[in-house]
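Have a look at the structure below, then the notes.
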Amino acid sequence: RIASSQITLGSADAWTISFWYKNDNVSIDDSSLFNGNGSDYFRFAINASGHVDILVYDGGMRLRTGPQPTIDLRNWTHMAYTHDGSGLHKLFINGSIASFSPYGDGTATYTSDFSNEGWIYGRAGSAKPDAYLDEVAFFASDLSSSISTLYNSGVAGDLSSLNPTYWYRMEEGSGSSVANSGSVGSGADLVTSNSPTFSTDIPS
């Protein structure tokens, strides 16, 4: 489990969340990723059949993919979630706008603040995560026009030109924290719990 310091994503703020995910063990539930720890959250969940289910909730469902059998999470998968600062939300998977069948495409318009209680990758209920996570970044800007740069043709790239506020590269190899390489500096390092294992497997 990796737990962050507080990161506020307000309804009047432009922001982007970007990360890479890989799961070698798709036979178990894996939930949740970036859960807002409150009534508002962005949740990335894997069900026992290996299908990804991505949803945004703020007291009511806003975006939801439903189970997606076409995404093979045994390979590195890139996710980017953007907000333009005025209510337009978009979700991208591997460089393309997500398909939300039967819910429509990967966009929604609404204004609501996400919980600022912190963001966690870890256990939710009985589901225990067993996956890889890399290059987690939060940006104080809408990067929906820069998705190709974030995805970088499936290779984890240098994000410094996009000015991430929080950027967790996961390169420590060991230890109880993950350094923030973003603009706010080391005061926003991640704190790990339950001794997650560092790996040299990266999106490439």
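Data overview
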{"item": "Looking only at the stretch 182-204, and only at residues there that are under 17 Å from the mean Cα position of the chain (by Cα) and at pLDDT 90 or above, the one that is nearest to Phe138 (Cα to Cα)", "result": "Gly182"}
{"item": "Top-ranked residue of the stretch 71-96 - restricted to ones that are out of contact with any Phe, Trp or Tyr (no Cβ under 9 Å at 6 or more places or on another chain) and not in a strand (DSSP E or B), ranked as nearest to Val155 (Cα to Cα)", "result": "Asn75"}
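The values are calculated or read from the model by the stated rules, or taken from the named source; none is laboratory data. If you're wondering where the values come from, they're calculated on a predicted model, not measured in any experiment. Cβ coordinates were reconstructed from backbone atoms using ideal geometry, including for glycine residues, and neighbour counts include every protein chain displayed.
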